[in-house]
Amino acid sequence: MRARLTPTNLTQSIVQDLGVEIVTGKYRDQVFPKEVELSQRYNAARTVTREAVKMLTSKGLLSARPRQGTRVEPEDHWNLLDPEVLRWLLERNFSLGLLIEFTQIRLSVEPGAAALAAKVATGEQRAAINSAIGRMFAAERGEDDALTSDIDFHVAVLQASGNRFYRQMREMIETALRFSIRKTNDFKGVRLASVVDHKRVADAILAGDSAEAETRMRDLIQGALDLMIKVQADQNPQR
């Protein structure tokens, strides 16, 4: 027998379902369903569907106006820093342009985080960076997961920066990396990213060399960005 969803889980399930429908354009030429219609569709209390709509509104996907009801907002209003919104967008239809924009944001964030990490990382945070590199080498030998170890490295650097704003970006960066790492490796024709290049970043952080850590991280991300831009140009030679 299927387990009964709790109100919280049901709300999350409705948010996921409606979020995917919104970003895939289902309501582009339609009025967004009213609260009573959503309650009937999901066999849920109106308090549950109301909360789901509030959550989607907080993500910038919906807005409510007096006497106009709830409507889908233009994509420019969506909160792309919200990991769920970013994941729905990336799952919608693969967009190299979106990944390029995301990588440009990484280029403005992660080198600075690496520089700060070299200055202020605690012993525990340095150990986490070193552990992620060890896992990446293990992945080369087929003893660990290449994707998660790569992501863990980048998240560990953000955490080690000591900057709460960089740390706040870890979920967004982790979400998008799940798409961009696979695509970049596919473009390169390799199974996993260069562990040596990542280790150069880690070595600089662990040595306390802020300038070198920033440079190595910038080179790492710039290489991925240059590759994406080249692939995009090859795919759209007239642009």
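The values are calculated or read from the model by the stated rules, or taken from the named source; none is laboratory data. As the structure is a prediction and not an experimental result, all values here were calculated from the model. For neighbour counting, all protein chains shown are included, and Cβ atoms are generated from backbone atoms with ideal geometry for every residue, glycine included. With ligands, DNA and RNA removed, areas are computed over all heavy atoms of the protein, side chains included. Shrake-Rupley method; radii C 1.70, N 1.55, O 1.52, S 1.80 Å.
Name every residue in the stretch 199-209 that is touching a helix residue (DSSP H, G or I) at 6+ places or on another chain (Cβ under 7 Å), open to solvent by 10 Å² or more (accessible area, probe 1.4 Å) and assigned to a helix (DSSP H, G or I), in order of residue number.
Lys199, Arg200, Leu206
Sort through Gly97, Gly162, Gly142, Gly112 and tell me the only one that's at positive phi, touching a residue at least 40 places away in the same chain (Cβ under 8 Å) and not charged (D, E, K, R).
The unique qualifying residue is Gly162.
For the stretch 210-239, which positions are aliphatic (A, V, I, L, M) and open to solvent by less than 60 Å² (accessible area, probe 1.4 Å)?
Initial filter on the stretch 210-239 (aliphatic (A, V, I, L, M)): 211, 213, 217, 220-221, 224-225, 227-229, 231, 233.
The answer is Ala213, Met217, Leu220, Ile221, Ala224, Leu225, Leu227, Met228, Val231, Ala233.
Exactly one of these conditions fails for Ser108: (1) over 19 Å from the mean Cα position of the chain (by Cα); (2) closer than 30 Å to Met55 by Cα; (3) of a type in the set (Ser, Thr, Tyr). Give me its number.
(1)
Pairs only if they're at least six apart or on different chains, beta carbon under 6 angstrom, first in the stretch 68-83 and under 12 Å from Val23 (Cβ atoms) and without any contact (Cβ under 8 Å) to a residue 60 or more places away in the chain, second of a type in the set (Ser, Thr, Tyr) and surrounded by fewer than 17 Cβ atoms within 10 Å (Cβ to Cβ); list them, first residue then second.
Glu73/Ser63
Against the definition (among the aliphatic types (A, V, I, L, M), modelled with pLDDT under 95, more than 19 Å from Glu21 (Cα to Cα) and open to solvent by 70 Å² or more (accessible area, probe 1.4 Å)), how does Ile100 come out, yes or no?
no
Before we move on, is Ala176 farther than 24 Å from Lys119 by Cβ, buried (at least 16 other Cβ atoms within 10 Å of the Cβ) and modelled with pLDDT under 90?
yes
Would you point out the residue of the stretch 147-173, among those that are among the charged types (D, E, K, R) and either closer than 18 Å to Ala224 by Cα or under 15 Å from the mean Cα position of the chain (by Cα) (or both), that is least open to solvent (accessible area, probe 1.4 Å)?
Asp150
Here's a check for you: in the stretch 23-53, which residue that is closer than 28 Å to Ser95 by Cα and of a type in the set (D, E, K, R) is least open to solvent (accessible area, probe 1.4 Å)?
Among those that are closer than 28 Å to Ser95 by Cα and of a type in the set (D, E, K, R), it is Lys26.
State whether one or more residues within the stretch 83-94 are open to solvent by 40 Å² or more (accessible area, probe 1.4 Å) and more than 15 Å from the chain's Cα centre (by Cα).
Yes; the residues of the stretch 83-94 include at least one that is open to solvent by 40 Å² or more (accessible area, probe 1.4 Å) and more than 15 Å from the chain's Cα centre (by Cα).
Taking Arg135, is it open to solvent by 70 Å² or more (accessible area, probe 1.4 Å) and either at pLDDT below 95 or in a helix (DSSP H, G or I) (or both)?
no
Being at pLDDT below 90, open to solvent by 40 Å² or more (accessible area, probe 1.4 Å) and either among the β-branched types (Val, Ile, Thr) or closer than 21 Å to Arg126 by Cα (or both) narrows it down to one of Val190, Val196, so name that one. Steps first, answer last, please.
Details: Val196 fails: at pLDDT below 90.
One residue alone meets the criteria, Val190.
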